[in-house]
1. For the chain, what does -39500 (n - 2.57) per DSSP helix run (n ≥ 4), summed and divided by total residues, give at 222 nm, in deg cm²/dmol to the nearest 500?
2. How charged is the neighbourhood of residue 116? Take every other residue with its Cβ under 14 Å from the Cβ of residue 116, and add Lys/Arg as +1 and Asp/Glu as -1.
3. Expected output is a single nm value to one decimal: the length gained when fully extending between residue 291 and residue 387, i.e. 0.36 nm times separation in residues minus the C-alpha distance. What is it?
4. Which cross-chain or sequence-distant (5 or more) residues have an amide H under 5 Å from the amide H of residue 198, H modelled 1.01 Å from N in plane?
5. Indicate the helices, whole DSSP H runs only, in the chain that combine a mean Kyte-Doolittle hydropathy of 1.0 or more with a Cα extent along their long axis of 27 angstrom or more.
6. Just to confirm a number: summing +1 for Lys and Arg and -1 for Asp and Glu over residues other than residue 25 whose beta-carbon lies under 14 angstrom from that of residue 25, what do you get?
7. Applying 1/(1 + (r/R0)^6) with R0 = 22 Å to the Cβ-Cβ distance of residue 313 and residue 147, what FRET efficiency is obtained, to the nearest 0.05?
8. What do you get for Rg/Rh of the chain when both radii come from the Cα atoms and Rh is the Kirkwood radius?
Amino acid sequence: MSGNPDFDLYRPAEEHEELRAAIRSLAEKEIEPHAADVDEQERFPQEALDALNASGFNAVHVPEEYDGQGADSVAACIVIEEVARVCGSSSLIPAVNKLGTMGLILAGDDALKKQVLPEIAGGKMASYALSEREAGSDAAAMRTRAKADGDDWILNGSKAWITNGGKSTWYTVMAVTDPEKGASGISAFMVNAADEGFGVSKTEKKLGIKGSPTAELYFENVRIPGDRIIGEPGSGFKTALQTLDHTRPTIGAQAVGIAQGALDAAIAYTQERKQFGRAISDFQNTQFMLADMAMKVEAARLMVYTAAANAERGIAPGGQKLGFLAAASKTFASDVAMEVTTNAVQLFGGAGYTRDFPVERMMRDAKITQIYEGTNQVCRMVMARQVLS
Ligand code: COS
């Protein structure tokens, strides 16, 4: 049976294993030592950005023709997962660089790609600006307006909860261009941080991922040239949702990484910690908890890679099931991450509740993966629509 080529589908590619070894080594050496401080000080993980940029792991998804590495979607997930295993905040650098450029990659024209993508491959960052204070899950209810003025567009409004807002150079911004047309009157644009009238009005104080700024952006008569629109006017909402079909698995990957980090810490700690004269890993309760945690992390990982592989194939039109798997993998992996990190804290006992160990940070960081890129409730809506269609 071993010669059956079909079984290769279920074997990780050699280059993916090599990539994992490389990014794990970098993450453990350059990112992990700063993770607790980044969280404690609520500061941007500059060391991580420098290390990721120097090694080219900052945005591996950027196609080769735009000076990137053209890594596939599974490879991008592996990078995010391995960084998240040591630092959730830092993993948002490669994750959001992909989120902030995916609409452009999917629907933008060549000239705009040439303007933006080489900069991202070279170390500048990108963000995705869809949500507004009154338009979160109901994203089509957005108010930010873009009006044509000659060949230019003029943007007014604000966006909320924008990951890496203020740190990014480029922003994919969804705005209403035709208020009469609802979701079909929304367009997507590339806005540059240097564009006059663009700014950051507020940075959130958060439970977790404290090293990654989450910002409110404002646009005050921001004039951008006509060639900064992504695709046709009115296609922006579809581009935004299509983007999420490609990037929800990357949040799944982040969740898997955080869960794996907590599991690894719990395995090590329970073998060292002695109570009643034995290592607590000798007790069956601990063993069953660790077994369940490991089983669920593995299941989540396989689902995320399957969704990412589907996203890879779904770049061609007609990838009908992409939305289901993307939402399902993100939802499943984030629920697993919440459960596994909570159980890791439990296995550490009182020590797990302190900041002397990384598991409480991982538990706080895991929570956001159930909320962003579509709350798990919205993701279940997306799944149910496809199941019932
Ligand atoms: N890809 C491409 N097009 C899609 C799509 C997808 N995955 N899903 C829906 N569309 C299209 C629909 O076909 C529809 O087009 P037509 O009117 O031409 O048929 C259009 O987009 C609007 O879709 P729909 O009517 O389903 O939109 P809703 O307003 O009902 O919203 C949900 C759908 C709730 C699923 C969407 O708003 C959503 O995903 N919200 C969460 C947003 C989110 O994840 N925010 C987090 C931001 S990142 S931190």
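1. One gets -17000 deg cm²/dmol as the mean residue ellipticity at 222 nm.
2. Overall, the nearby charge balance is -2.
3. Stretched out fully, the residue 291 to residue 387 stretch lengthens by 31.4 nm.
4. Placed amide hydrogens put 220 under 5 Å from residue 198.
5. On the way: long enough: 88-107 (29 Å, 1.03); 236-272 (53 Å, 0.06); 284-313 (43 Å, 0.02); 322-348 (38 Å, 0.86).
Taking the DSSP H segments of the chain (at least 27 Å long, mean hydropathy at least 1.0), we get 88-107.
6. -2
7. Details: r = 38 Å, r/R0 = 1.74.
With R0 = 22 Å, the Cβ-Cβ based efficiency is 0.05.
8. Ratio of gyration radius to Kirkwood radius for the chain: 0.99.
Values in this text are rule-based calculations from the coordinates and carry no lab data. Everything quoted here is computed from the prediction, not taken from an experiment. When we count neighbours, we look across all protein chains shown, and the Cβ atoms used for this are built from the backbone with ideal geometry, even at glycine.
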